1. Would you point out which residue out of 44, 73, 57 is in a strand (DSSP E or B) and either open to solvent by less than 30 Å² (accessible area, probe 1.4 Å) or touching a strand residue (DSSP E or B) at 6+ places or on another chain (Cβ under 8 Å) (or both)?
2. For the stretch 94-103, which positions are open to solvent by 30 Å² or more (accessible area, probe 1.4 Å) and more than 14 Å from residue 3 (Cβ to Cβ)?
3. Report yes if residue 68 is open to solvent by 30 Å² or more (accessible area, probe 1.4 Å), among the aliphatic types (A, V, I, L, M) and farther than 17 Å from residue 6 by Cβ, otherwise no.
4. Cβ-Cβ below 9 Å, separation at least six or inter-chain, first residue in the stretch 10-30 and in contact (Cβ under 8 Å) with a residue 12 or more places away in the chain, second open to solvent by 60 Å² or more (accessible area, probe 1.4 Å) and among the polar types (S, T, N, Q): which pairs?
5. Please find, within the stretch 80-117, the residue that is nearest to residue 8 (Cα to Cα) out of those that are touching a helix residue (DSSP H, G or I) at 6+ places or on another chain (Cβ under 8 Å) and charged (D, E, K, R).
6. Report whether or not residue 106 is out of contact with any Gly (no Cβ under 6 Å at 6 or more places or on another chain) and surrounded by fewer than 16 Cβ atoms within 10 Å (Cβ to Cβ).
Amino acid sequence: MTEISFYFNVPNREHALCQLVSKALAKRLSINILTSSQAAASALDGLLWEVPQTGFLPHCLADDAIAADTPILLDYRPELLPARDILFNWTNGLAPGFERYQRVMEVVSLDDEARTLARERWKAYVAQGFKPTSFDMMDRAG
C-alpha cells in the first residue's frame with residue numbers, strides 16, 4: 001500500500017521540497033513532482049536548477065527526450081508521469097494515480113488556505129483506506 005506523508009508547518013515550502021527531493025535522490029530513488037499548472041512547473045524548474053547552491057537536482061519534463069534517464073521528473077500532466085518510487089504532490093488535490101507510487105509526499109506551508117486544503121486531502125486519503133502520517137516541521141526546527 002502507498003505510504004502517504006504530510007510535512008506540516010513548513011516555513012518555506014519550496015526550500016523544504018528541495019531538501020526532501022535531495023534526500024530521496026541521495027537514496028537513489030526515482031522521483032516525480034506533479035504541479036497544478038505549466039507555470040508552477042516552470043517556477044519549480046528554475047528552483048531545482050538553483051538549489052542546492054553547490055549543485056543542482058537533475059530533472060526534466062516527463063516528455064523530454066532524456067526523461068527515461070533522469071532521476072527527477074517534473075510535470076503538470078499526471079498522465080505523462082510513469083510510476084516511480086516517490087511522488088511529490090505539488091497540487092491542491094489528490095494526484096491522479098497516486099496509488100501507483102510507493103510513497104506520496106505532501107509539503108504544507110503555514111498558510112491557512114494551504115493547511116485547509118491539506119486537511120481535505122488527508123480526509124480524502126483516509127476515505128480511500130490509506131493511513132497518512134504527519135511530520136510537524138515546527139517540532140523539528142526547535
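The values are calculated or read from the model by the stated rules, or taken from the named source; none is laboratory data. Computed from a prediction, not measured in an experiment: that's the story for all the values here. Every residue, glycine as well, gets a Cβ built from its backbone with ideal geometry; the counts of neighbours run over all protein chains shown. Heads up: the accessible areas ignore ligands, DNA and RNA and are worked out on the full protein's heavy atoms, side chains in. Shrake-Rupley method; radii C 1.70, N 1.55, O 1.52, S 1.80 Å.
1. Selected residue: 73, the only one of 44, 73, 57 that is in a strand (DSSP E or B) and either open to solvent by less than 30 Å² (accessible area, probe 1.4 Å) or touching a strand residue (DSSP E or B) at 6+ places or on another chain (Cβ under 8 Å) (or both).
2. Matches in the stretch 94-103: 94, 96.
3. Yes.
4. 29/102
5. The qualifying residue nearest to residue 8 (Cα to Cα) is 106.
6. Criteria not met by residue 106.
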